[in-house]
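No lab work stands behind these numbers, since they all come straight from the coordinates. Since this is a predicted model, take the numbers as computed values, not measurements. As a convention, Cβ positions derive from the backbone with ideal geometry for all residues, glycine included, and neighbour counts pool all protein chains shown.
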Amino acid sequence: MTAITLDGVKTASDIKAELRDRIVALRAHGVVPGLATLLVGNDPGSKTYVAGKHSDCAEVGIESIRIDLPGSATSADVRAAIKDLNNSREVTGYIIQLPLPVGHNENAMLELIDPSKDADGLHPTNLGRLVLGIEGELRSPLPCTPAGIVELLRRYDVPIVGKKVVVVGRGLTVGRPLGLLFTRKGLDATVTLTHSRTVDLAGEVRRADIVVAAVGVPHLIQADWIKPGAAVLDVGITRVHNEVTGKGRLTGDVHPDVAAVAGHLSPNPRGVGPMTRAMLVSNVVKAAEQSLLA
Ligand SMILES: Nc1nc2c(c(=O)[nH]1)N[C@@H](CN(C=O)c1ccc(C(=O)N[C@@H](CCC(=O)O)C(=O)O)cc1)CN2
């Protein structure tokens with residue numbers, strides 16, 4: 001058996017094509033969505049992701065504004081940039097690219113975002129609404145990677161209701177909100193959220209119908225940990241720099257041999273990453289549409 005590839009590039013491209021029509025409709029109503037990114041420092045991965053977010057905006061017809069602060073920026077500098085973004089009329093949504101350089105308190109900065117402009121769904125108010133499962137008028141943006149994972153599974157008709165999901169990693173952007181999302185009414189999965197102190201991780205993963213690996217440990221998830229036919233989503237990514245060739249290589253959390261056992265497998269790169277970006281654009285569009293209803 002070879003797993004069906006959960007193609008994040010193709011799926012994200014389909015989603016962006018769908019969003020393009022909605023953006024044309026918004027503009028016809030005089031609403032111009034504008035996404036800003038706030039990047040602090042020179043982390044190569046973060047720079048790549050931010051560049052990708054701006055190229056997505058250009059592709060679908062969203063205005064985008066880029067605020068880059070040097071690694072030497074103080075917390076007061078970051079707070080001032082957040083205040084400007086909260087007050088900007090052109091910026092309808094924005095993100096603070098994570099991680100912030102060491103020395104900044106990420107949670108404190110996220111809390112300063114105007115929740116109505118929080119394109120990442122990481123402000124405590126929006127995470128709180130995820131906990132509450134609030135739908136309808138107060139529907140808040142979902143964190144982009146968890147939303148992208150669920151959308152990828154949905155578009156490939158991978159069943160979720162009643163399934164056992166094991167999430168490896170309890171980070172803010174993936175593991176913790178994903179556990180909440182999968183247990184929401186309508187998705188109704190049974191989730192085990194594992195972490196570095198989990199006893200017998202392999203045993204937990206072996207029981208899963210859906211495995212999400214988001215820890216950044218290259219090839220942690222082995223083929224003999226996987227229940228035959230399970231869906232496996234490889235989220236964690238590690239940049240390995242080859243001193244000899246000078247080239248960088250991206251390695252996921254899932255061992256390549258898993259492809260012979262799993263029913264569905266998201267590659268890494270080209271799996272969940274592009275979906276994260278597509279969900280960000282989707283959050284910006286949804287917020288702009290809601291502003292029309294307000
Ligand atoms: N404010 C946020 N910070 C971070 C988030 C987030 O959702 N909001 N998630 C990650 C990084 N991330 C988005 O910001 C992200 C990660 C990966 C990709 C992606 O498309 N990856 C490519 C590979 C590109 C490369 O690394 O060269 C792929 O998987 O094909 C997009 C966005 C942490 N920070």
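Test of understanding: ordering 199, 211, 32, 258 by Cβ neighbours within 10 Å, fewest first, what list do you get?
On the way: 199 7, 211 29, 32 14, 258 23.
Ascending number of Cβ neighbours within 10 Å: 199, 32, 258, 211.
As a test, work out the antiparallel percent of DSSP beta bridges whose residues both lie in the chain, rounded to the nearest 5.
Working: 5 of 36 bridges.
Looking only at bridges with both residues in the chain, the antiparallel portion is about 15 percent.
Apply the Karplus curve 6.51 cos²θ - 1.76 cosθ + 1.60, θ = phi - 60°, to the phi angles in segment 92-99 and return the couplings in whole Hz, x for Gly and Pro.
The phi angles translate into 8, x, 8, 10, 9, 5, 10, x Hz.
Hey, fewest Cβ within 10 Å first, where do 22, 139 land in order?
On the way: 22 17, 139 12.
Going from sparsest to densest Cβ surroundings: 139, 22.
Rounded if a/c is under 1.5, else prolate if a/b is larger than b/c, else oblate: which is the chain, with a ≥ b ≥ c the root eigenvalues of its Cα gyration tensor? Walk me through the numbers on the way to the answer.
On the way: a/c = 1.66, a/b = 1.37, b/c = 1.21.
Verdict is prolate for the chain.
In whole Å, how far is the Cα centre of segment 221-294 from that of segment 38-90?
Using only Cα atoms to place each centre, the spacing works out to 23 Å.
With springs only between Cα atoms under 10 Å apart, run a GNM on the chain and tell me which of 50, 272, 217 wobbles the most.
Looking only at 50, 272, 217, the largest GNM fluctuation is found for 217.
What is the gain in length, in nm to one decimal, between residue 195 and residue 247 on full extension, counting 0.36 nm per residue of separation less the C-alpha to C-alpha distance?
Using 0.36 nm per residue and subtracting the Cα-Cα distance, I get 15.6 nm.
Mean-square fluctuation check for the chain, GNM, Cα pairs under 10 Å: which of 36, 17, 231 is largest?
Residue with maximal mean-square fluctuation among 36, 17, 231: 17.
Using a Gaussian network model of the chain whose springs link C-alpha atoms within less than 10 Å, name the residue from 230, 76, 262 with the highest mean-square fluctuation.
76
Give me the distance in nm between label points sitting 7 Å out from Cα along the Cα-to-Cβ direction at residue 47 and residue 238, one decimal.
If labels sit at residue 47 and residue 238, their model points lie 2.3 nm apart.
Once every DSSP H run of n ≥ 4 in the chain is given -39500 (n - 2.57) and the sum is divided by its residues, what mean residue ellipticity at 222 nm do you get, rounded to the nearest 500 deg cm²/dmol?
Numbers: 9 runs with 115 residues, N = 294.
Only helices count here, giving -12500 deg cm²/dmol.
Pull up the DSSP beta bridges for segment 142-272 and report the antiparallel fraction as a percent, rounded to 5.
Details: 5 of 22 bridges.
Restricted to segment 142-272, the bridges split so that about 25 percent are antiparallel.
Starting with the fewest neighbours, write out 94, 156, 49 ranked by other beta-carbon atoms found within 10 Å of each beta-carbon. Intermediate results must be reported in sequence, preceding the final value.
On the way: 94 25, 156 15, 49 19.
With the fewest neighbours first, 94, 156, 49 line up as 156, 49, 94.
Where does helix 75-87 land angle-wise versus the long Cα axis of the chain, in degrees 0 to 90, nearest 10?
The answer is roughly 70 degrees.
Beyond 21 Å between alpha-carbons counts as too far, so tell me which of 164/286; 83/117; 117/286; 83/286; 10/53; 53/247 fall in that bin.
Flagged as over cut-off: 164/286; 83/286; 53/247.
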